[in-house]
Amino acid sequence: MFSIRKAVYDDAEAIANIHVNSWKSTYTDLLEEKDLSNITYENRKALWETVLRMQKKEQCTFVIHNDEKIVGFVSGGPERTKRFNYDSEIYTIYLLEEFQRMGLGAKLLKVFAEEVKALGYASILVWILKQNPSSRFYERYQALPVGEEETTIGEGTYQETAYGWENIDELLKLFK
């Protein structure tokens, strides 16, 4: 049985571990090794301690866990680029590899959509690397590609695609 709750400061270590492990399992074939090794447990732990210590009202982070441990998380808030007609954004959504394809990503997406709607947002954007097979997850939930841009990771330059839901209510109907 899995449960979802808002993340707290004490979750930073588990979130950092998931972030690094998921990053490496997901992006091994998409990034150059030198860029992949750029993400470390130490810098992710420091990042998540900061994020969770300074939670802003317009942002949210949720974890999904079983009786033993946290196995995934989602975080987001206001859309950062201001170049698209979307007002919220999923910044990160990761599950440990052994917990993928179990419907847990959908649970995280749903709770995120419910929360940002409650915060007053109307739409959601998410960026993913262009070659990432996880794009099918977003397409399954009817997200549409709305833009592309280059991003720098480590020393490399990679293509990202923005997927979006113009209407959170339409996304939430898919979970009923």
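Assorted remarks:
- Search result, residues across the range 126-140 that are of a type outside the set (D, E, K, R), out of contact with any strand residue (DSSP E or B) (no Cβ under 6 Å at 6 or more places or on another chain), without any contact (Cβ under 8 Å) to a residue 60 or more places away in the chain and surrounded by fewer than 19 Cβ atoms within 10 Å (Cβ to Cβ): P133
- In the range 103-125, the qualifying residues are those that are in a helix (DSSP H, G or I), among the small types (G, A, S) and surrounded by fewer than 18 Cβ atoms within 10 Å (Cβ to Cβ), and the one that is farthest from the chain's Cα centre (by Cα) is A118.
- Out of A106, A12, one residue alone is touching a helix residue (DSSP H, G or I) at 6+ places or on another chain (Cβ under 7 Å), at pLDDT 95 or above, of a type in the set (A, V, I, L, M) and over 26 Å from Y158 (Cα atoms). It is A12.
- Residue list for the range 110-125, filter: among the hydrophobic types (A, V, I, L, M, F, W, C) and either under 17 Å from T161 (Cβ atoms) or without any contact (Cβ under 8 Å) to a residue 24 or more places away in the chain (or both): A118, I124, L125
- Unmet criterion (only one of (1) closer than 22 Å to K130 by Cα; (2) over 17 Å from the mean Cα position of the chain (by Cα)) for L95: (2)
- In summary, E150 fulfils each of the numbered conditions (1) surrounded by 18 or more Cβ atoms within 10 Å (Cβ to Cβ); (2) under 15 Å from T81 (Cβ atoms); (3) free of Cβ contacts under 8 Å to residues at least 60 places away in the same chain with the single exception of condition (1).
Residues are listed down the side, and each one gets a yes or a no for (1) over 29 Å from L174 (Cα atoms); (2) charged (D, E, K, R):
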residue	(1), (2)
A12	yes, no
M54	yes, no
N66	no, no
L104	no, no
K107	no, yes
K110	no, yes
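The values are calculated or read from the model by the stated rules, or taken from the named source; none is laboratory data. A quick note: this is a predicted structure, and the numbers were derived from the prediction, not measured. Because the Cβ atoms are built from the backbone with ideal geometry, glycine has one as well, and the counts that use them run over all protein chains shown.
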